[in-house]
Structures are given as structure tokens and as C-alpha cells.
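I have placed the structure first, in the form of C-alpha cells, so that the comments after it can refer back to it.
The values are calculated or read from the model by the stated rules, or taken from the named source; none is laboratory data. The shown structure was predicted, so the numbers you read here are calculated from the model rather than taken from an experiment. Cβ: placed from backbone, ideal geometry, glycine included. Neighbour counts: every protein chain shown.
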Amino acid sequence: MPLRTGDGLPSTTQSPQEATRNQDGRKKMNGPRGSIPMLERRASKRLTVNQPALLRFRDIGGVHPCVVRNLSEEGACLSSPVRIVADELDLSVDGFKSTLRCQVVWRDEHLYGVRFQGGKHTCVPL
């Protein structure tokens, strides 16, 4: 983070080259002329859903809240106030009447990318 001259405190302003977040929480880069288009590398299209959900971890008791930010046949982006350190979790949007077993594939602050175990899901209960 750049420093302001003279006061030694971190600046709260963001330089134009620093990453910001788009609507679904993913990072995007801003350049001097605005947003730089990035190539889509995902295998399948994602749908923005912002659906409340619950997480359960095998080694940790209880359930934990999260939001399914976006969703595809193969995985989802979750936001959670709870730091997810586990590599696997159960995800439910219906109070654990049904669950999807997930593998965490990336972490970024409070956002997590998960891949549904067992392959593609054509019907996700949302």
C-alpha cells in the first residue's frame, strides 16, 4: 500500500493499477484507462445467485453460515465470515435436507472457490 508523504501512515486511496472487486467478489484489474478485459478461463458459465447457505466440516462441530455468490455445474464461489481452513466441506442451501460435498480449490480473504466432488451437477438445489 503506498505511503503518504510526511505522515508515515498507509494511504487509504487505491492506485489505479491495484486490484478491485467486481459484483461477484472476484478481483478485477483497473488500469489507467479503466477496466482491463480478462480472458474467461472457466470451463462452464457461472450464474450469480447470492443465496444464503450452510457449511459443515467433518472435524468441526456445528454448522456455519455462508453465501453462495455464484454457481456453475462444476463448482461455486462462497463468501463466509468464518475462515475456511478445511480442504473439504458439505454445502447445503436447504437446511441439510440435501448436501453437496465440495473441495476447496482457492481462497482469497473471505471468498472461497469450491469444486463439487463427483463431477458436474446439472441440478443444484437453489
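Can you name every one of the strands (runs of 3 or more DSSP E) wholly within the range 52-99 that holds 3 or more residues which are of a type outside the set (Gly, Ala, Ser) and surrounded by fewer than 21 Cβ atoms within 10 Å (Cβ to Cβ)? Walk me through how you get there before you give the answer.
Details: elements: 60-71, 75-79, 88-92.
Because the criterion is at least 3 residues that are of a type outside the set (Gly, Ala, Ser) and surrounded by fewer than 21 Cβ atoms within 10 Å (Cβ to Cβ), the strands (runs of 3 or more DSSP E) in the range 52-99 that meet it are 60-71.
Only residues that are part of a loop (DSSP other than H, G, I, E, B) and surrounded by 13 or more Cβ atoms within 10 Å (Cβ to Cβ): list them for the range 100-110, please.
Across the range 100-110, the qualifying residue is only 110.
Just the residues that are more than 13 Å from the chain's Cα centre (by Cα) and at positive phi, please, taken from the range 77-109.
95, 96 - these are the residues of the range 77-109 that are more than 13 Å from the chain's Cα centre (by Cα) and at positive phi.
If you check 65, 125, which single one turns out to be modelled with pLDDT under 95 and on the phi < 0 side of the Ramachandran plot?
Values: 65 fails: modelled with pLDDT under 95.
Exactly one of 65, 125 is modelled with pLDDT under 95 and on the phi < 0 side of the Ramachandran plot, namely 125.
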